[in-house]
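The values are calculated or read from the model by the stated rules, or taken from the named source; none is laboratory data. All of these numbers come straight from a predicted model, not from anything done at the bench. Heads up, the Cβs are rebuilt from the backbone with ideal geometry, glycines too, and the neighbour counts pull from every protein chain shown.
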Amino acid sequence: MSKFNAIQVGDKTHLNRLITKGDIATFAELTGDRNPLHFDAAFAKKMNFEAPVAHGMLTCSFLSTLIGTVMPGEGSIITNVRLDFKKPVFINDIVCVNIEVIKKIFLSKEIVFKITITNQLSETVVVGTTKSICPE
């Protein structure tokens, strides 16, 4: 049975990740995004945040981990992502990245996932959808 046929609507997986100051620094180094909102507490307060905020795309980057290594897994590739950022993520937050299969596109062997990312307080920080080609 192929991976595509084995995956069913309603299948779910998740991962938990502690967001550290080092994660934010590494992400800034890789991307060049050194916005003071991510590093300067006084600037963050001026922008109405309680502390420096993790990059939104850092938080969402763990989608790639789930899709590329868990479901569908090896050889899969993300073809589309739609995200809605609901709440900020801060240093020492634990994010839980959840994906659930909501649709299978048989012609293209694509799988559509619902995305829900929560923090350690079970607050939703990101919602959206992503689509992935599933290798045979």
>> Out of everything in region 92-136 that is touching a Phe, Trp or Tyr at 6+ places or on another chain (Cβ under 9 Å) and of a type in the set (Ser, Thr, Tyr), what residue ends up being farthest from ALA6 (Cα to Cα)?
In response: THR129
> Which members of region 49-92 meet the condition of being surrounded by fewer than 14 Cβ atoms within 10 Å (Cβ to Cβ) and touching a Gly at 6+ places or on another chain (Cβ under 7 Å)?
Replying inline: ARG82, ASP84
> Does at least one position in region 5-26 carry a residue that is over 14 Å from THR130 (Cα atoms), polar (S, T, N, Q), surrounded by fewer than 14 Cβ atoms within 10 Å (Cβ to Cβ) and modelled with pLDDT under 95?
Replying inline: yes
> Just checking, which of ILE111, ILE102 is buried (at least 16 other Cβ atoms within 10 Å of the Cβ) and either among the charged types (D, E, K, R) or part of a strand (DSSP E or B) (or both)?
Replying inline: ILE111
